[in-house]
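Novice: Got a structure for you, written out below as structure tokens; questions coming shortly.
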Amino acid sequence: QVQVVESGGGLVQAGGSLRLSCAASGTIFSINAMGWYRQAPGKQRELVAIITSGGSADYAAAVKGRFTISRDNAKNTVYLQMNSLRPEDTAVYYCNVKTVGNYWGQGTPVTVSS
């Protein structure tokens, strides 16, 4: 069983920054990839950024150049540095961990005020 816990969400003004953290724990043999998804009210969950165990990262077009994903393999932790935040970034942000299975955190809300 794998537990995934996010932290770091909150309320920020447009143009501000937030850093999300996600830690995976439990019975983990190896993690293939860790990623961040978000779901805004009335919308489907969408990929924000993903990073492989080798450090290769990919981003949604909407966040490229503003968000940076990084991970600490030794700690099974992934981070999302979010800069130049916009009101349209408002959503619940979910961490995803891909191992033998696929695990999700409970989500952390991010609200960007204009």
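The values are calculated or read from the model by the stated rules, or taken from the named source; none is laboratory data. Because the structure is predicted, anything quoted here is derived from the model rather than measured. Cβ placement follows ideal geometry from the backbone for every residue including glycine, while neighbour counts extend to all protein chains displayed. Surface accessibility is based on the protein's heavy atoms, side chains included, excluding ligands, DNA and RNA. Shrake-Rupley method; radii C 1.70, N 1.55, O 1.52, S 1.80 Å.
Novice: Taking 7 Å along the Cα-to-C-beta vector as the label spot, tell me the Gln81-Arg19 distance in nanometres, rounded to one decimal.
Specialist: My value for the distance between the label points is 0.8 nm.
Novice: Further question on the same structure: What residue among Val78, Val48, Val92 shows peak mean-square fluctuation when the chain is described by a Gaussian network model with Cα springs under 10 Å?
Specialist: Val92
Novice: How high is the FRET efficiency between Ala40 and Gln3 when r is their beta carbon distance and R₀ equals 22 Å, given to the nearest 0.05?
Specialist: The computed FRET efficiency comes out at 0.30.
Novice: What's the Kirkwood radius of the chain in Å, using all Cα pairs? List each step's numbers first, then the result.
Specialist: Values: mean 1/r = 0.0715 Å⁻¹.
It works out to 14.0 Å.
Novice: Let me ask you something else. Would you mind getting the accessible area per residue of the chain, heavy atoms of the protein chains only, 1.4 Å probe, in Å²?
Specialist: Computed with neighbouring chains in place, this is 53 Å² per residue.
Novice: Where is the GNM fluctuation largest for the chain (alpha-carbon springs, 10 angstrom cutoff): Leu80, Leu11, Leu20?
Specialist: Leu11
Novice: Explain nothing, just compute: Karplus ³J(HN,Hα) = 6.51 cos²θ - 1.76 cosθ + 1.60, θ = phi - 60°, for every residue of region 3-17 in order, whole Hz, x for Gly and Pro.
Specialist: In residue order, the calculated couplings are 9, 10, 10, 9, 7, x, x, x, 9, 8, 7, 4, x, x, 10 Hz.
Novice: From the protein chains alone at 1.4 Å, what is the descending order of accessible area for Phe67, Phe29, largest first? Walk me through the intermediate numbers first.
Specialist: Numbers: Phe67 5, Phe29 185 Å².
The ranking, largest first, comes out as Phe29, Phe67.
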